[in-house]
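J.: Have a look at the structure that comes next, please.
The values are calculated or read from the model by the stated rules, or taken from the named source; none is laboratory data. All values derive from a computational prediction rather than experimental measurement. Here Cβ is always computed from backbone atoms with ideal geometry, including for glycine, and neighbour counts include all displayed protein chains. Just so you know, the surface numbers come from the protein's heavy atoms only, side chains and all, with ligands and any DNA or RNA stripped out. Shrake-Rupley method; radii C 1.70, N 1.55, O 1.52, S 1.80 Å.
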Amino acid sequence: MELLAPAGSPEALQAAVQAGADAVYLGFGPLNARRNAKNFTREQLEAAVDYCHLRGVKVYLTLNTLLFDRELPLAAETGRWASDLGVDAVLVQDLGVARLLRDTCPDLPLHASTQMTVHDLDGVLACADLGMTRVVLAREMPAEAIRALCQASPVEIEVFGHGALCMCYSGQCALSAVLGGRSGNRGLCAQPCRLAYRWPGEKKNTHPLSLKDLSLAGQLAQLEEMGVACLKIEGRMKRPEYVAVVTAIYAAALREHREPTGQEVAQLEAAFSRQGFTQGYFRDRKGPAMFGTRREGARDPEDLFAQARQFYSRGEHRPVPVTLTARVAPGEAVTVTARDGAGHTATAQGEVPQPARTRAVTEEQMAAQLSKTGGTVYAVEAVQAHCAPGLSLPLSAVNALRRQVLAGLDRARTAPPPRQTRPFAPPQARKGPGEAPAFTLSFRRWGQVSRESLDQGPALVWLPVQEWAAHEKEAAELTRAYPDIAFGAVFPRVAFDRERPQLRQALEAACRAGATQALLGHIGQLALAREFGLTPRGDFGLGLTNSLTGEELARLGFASATASFECRLSQIRDLGKALPTEAIVYGRLPLMLMENCILKNRGKGCHCEEVPQSLWDRKGEAFPVEPAWGCRNELFNAKVLWLADKADWKRAGLAYARLAFLRETPAECARVFRAYRTGAGEGPEGFTRGLYYRGVE
């Protein structure tokens, strides 16, 4: 099992490598999910790849953010350069970026970032079909689900083993973006989930969104037995000393086929923790015990960090074993050959030896001189010296040959593999319809649907798949009454494979009731939608922020797609409309999708059937918390998006404009729809324009 360590800076890379990492992951430039890390300059990355490859360590480059059209040329340039440099793989989130790299760097391996929210077998298979060679699973996966995916996956499976846990599924969080314009999907998360919140009626602030750090210490043997290909340590924002401490402990445990000791676990906790660690997701034991905070004023363990710094900054702790062969024969140039265990070979030739006048060179002398590899990464395991008798060779010449052959081995170990690259072809400029978009209505609950809304003529009506199942008879009557309206089921963005039977039953009910469309927030759901004969349409969870992503969704067979609400309206307008495009123009924007049920975590049992609840922040803003498929939760924005009095979204080339209803009454839904159709009517108090005008960083 590969140990993958974070490298947020050149010093952290050195710390990770010297501490025993098999691979490192790092960022270059602005196109990675940790833009606030020091990251690497061009020259530093070139040096880093040589430094790692010389020591047999792989380098993975992160291009795992959502990109806008103007950034695609830079992504193509970065990918081609990384491929030429010999970077071992690139991590991606954006479907358009994956398409771009397949086209411009076809030999460069791609890994599906955890930002892709892969959590089931269909998701893994979809990534494999996209050309990924490895999938980084969502951190919320339980052990048995990981095991099943490892057994069935055609590509490598990587899991997080240590470090911070996000409250929201990675790739599905808009909390930081909507609240402060700093997008977690673009590498600038401000971590508002770590702040204090309170429930209505409670005076005490708590931290219901702040999870403890993950540590799978004690589970390493099980992970290897499962077939996990790579164990990942989180922490590109952490100090190099932290990287050294954590990497060294896991590396030693894996190397020695054991689990970290109690003393080592204590060192892990001292290096960084939030009131201890959790294995709640891995053990499938969710709940309040998984949550914790960093103690205010907590300091780094300077003694422990000083020891770590002294270790990685002094000496070479990753020696590369080599064997050397020397041949000294009359009338021939002296040759020395070096071989490592990875199949690399280098040969150096020197002068022709002369007949000895006094003392002839011996095989023992040759072996002794060739073994002096101090100042290099090499440790000589064996020397085979074949010296004919009676020949003279200066020791200085032997030393020169040793330096020459090891330099040649350096070049062989750091040489990039032969790869082809192709020029970047910008996405085609395809304009959308010139007329105003048709309306789609998304209802959270069956009880919100009314004839007053449907009589206004929406093009599409959406209901969560579980609502179709709960109200099949009434829904069937409604779909028959409105044959000119298309009705569809909203698939849950996350549904583990063990939930598939329940999901299939709900879909069967939806199809019987007249649903013909499917709104998908993950590419892994495409196969299931097709199996049920539903027309697939892409939801905001697919991250449509650039024209190449639109082209890729069209290629995959989506009938339409929803633009990310992290785009400005001007960016949505300029998107190449490779397929009909939709935008959410009304509603409380979804901010977090959580595996933990924070309603249940309040300690009073299940609250799903109670009066709708909200989480209050320090400013007194109330964020609705709603139950979601699979006993999960969704957190929504405190303010309602309102654009009825604006006209520019009608000229953005959209095919559809969605009104997303959360807790509105049937009469309120109908009134909002009427306001958007007519452009008349007042918005709710304290509404927001979302990110459509201010955008994100």
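J.: When the accessible area of the chain is split by element with a 1.4 Å probe, what percent falls to carbon and sulfur?
T.: After summing per-atom areas, the C and S share lands at 49 percent.
J.: HN-Hα J couplings of segment 224-240 from phi, Karplus 6.51/-1.76/1.60, θ = phi - 60°, integer Hz, Gly and Pro as x?
T.: Once rounded to whole Hz, the list reads 5, 5, 5, x, 4, 7, 8, 10, 10, 9, 7, x, 6, 8, 8, 5, x.
J.: For A559 and R689, FRET efficiency with R0 = 25 Å and r from the beta-carbon atoms, rounded to 0.05?
T.: Step by step, r from the Cβ atoms, then E = 0.30.
J.: When the chain is fully extended, how far beyond the present Cα-Cα distance does E2 get from E381, taking 0.36 nm per residue of separation?
T.: My answer for the length gained is 134.0 nm.
J.: May I ask you to list the residues of segment 617-651 whose amide nitrogen lies under 11 Å from a point 7 Å from Cα along the Cα→beta-carbon direction of N205?
T.: 617-620
J.: Could you work out how far apart the two model spin labels at K473 and D129 are, taking each label as a point 7 Å from the Cα in the direction of the beta carbon, and quote it in nm?
T.: Reported label-point gap for K473 and D129 is 3.8 nm.
J.: Can I ask one more? In segment 548-574, whose amide N lies under 19 Å from the spot 7 Å out along Cα-to-Cβ of E697? List them in ranges.
T.: 566-568
J.: List the GluC sites (Glu not before Pro) in segment 176-263 that DSSP assigns to loop (not H, G, I, E or B) and whose Cβ has at most 12 other Cβ atoms within 10 Å. Which are they?
T.: Sparse-neighbourhood loop GluC sites (Glu not before Pro): E202, E256.
J.: Using a probe radius of 1.4 Å on heavy atoms only, what accessible surface per residue do you get for segment 156-247? Whole Å² is fine.
T.: Averaged over the residues of segment 156-247, the accessible area is 30 Å².
J.: To the nearest 500 deg cm²/dmol, what mean residue ellipticity at 222 nm is calculated for the chain from DSSP H runs of n ≥ 4 alone, each contributing -39,500 (n - 2.57), summed and divided by the residues?
T.: Theoretical 222 nm ellipticity from helices: -9000 deg cm²/dmol.
J.: Moving on to the next point. A680 versus A196, label points 7 Å from Cα toward the beta carbon: distance in nm?
T.: Modelled inter-label distance: 4.9 nm.
J.: Among the lysines in segment 503-658, how many pairs, 8 or more places apart or on different chains, have alpha carbons under 26 Å apart? Mind showing how you got there, number by number?
T.: Numbers: K577/K646; K577/K650; K600/K619; K600/K639; K604/K619; K619/K639; K639/K650.
Summing the qualifying lysine pairs gives 7.
J.: With every protein chain present, what is the per residue accessible area of segment 552-694 (1.4 Å probe, Å²)?
T.: Numbers: 5410 Å² over 143 residues.
Accessible area per residue: 38 Å².
J.: In addition: Taking only protein heavy atoms into account and a 1.4 Å probe, give the accessible area per residue of segment 310-467 in Å².
T.: With all protein chains present, segment 310-467 gives 54 Å² per residue.
J.: Taking the Cα centre of segment 414-496 as origin, work out the dipole magnitude from +1 charges on Lys and Arg Cβ and -1 charges on Asp and Glu Cβ, in debye rounded to 20. Write down the numbers at each step before the final one.
T.: Details: 10 positive and 8 negative charges, 142 e Å.
The dipole magnitude comes to about 680 debye.
J.: Which entry is the computed semi-axes √(5λ) of the Cα gyration tensor in Å for this structure: (i) 56, 28, 21; (ii) 36, 33, 25; (iii) 49, 36, 28?
T.: (i)
J.: Which residues does a label at V352 reach in segment 385-399, if reach means a backbone N under 18 Å from a point 7 Å past the Cα toward the Cβ?
T.: The answer is 388-394.
J.: Per 0.36 nm of contour for each residue apart, how much would the distance between Q420 and R42 grow if the chain were fully extended, relative to their Cα-Cα spacing?
T.: This chain segment gains 134.0 nm when fully extended.
J.: What FRET efficiency comes out for A333 versus R359 if R0 is 25 angstrom and r is the Cβ-Cβ distance? Round to the nearest 0.05. Don't jump to the answer; show the numbers that get you there.
T.: On the way: r = 21 Å, r/R0 = 0.85.
So the FRET efficiency works out to roughly 0.75.
J.: Something else now. Compute the distance in nm between two label points, each set 7 Å from the Cα along the Cα-to-Cβ direction, one at D617 and one at A397.
T.: 7.6 nm
J.: Then there's this: Run the numbers for R411 and R512: contour at 0.36 nm per residue of separation, minus the present Cα-Cα distance, in nm.
T.: 29.8 nm
J.: P501: net charge of surrounding residues, Cβ under 15 Å, Lys/Arg +1, Asp/Glu -1, itself excluded?
T.: That sum, taken over residues with Cβ under 15 Å, equals -3.
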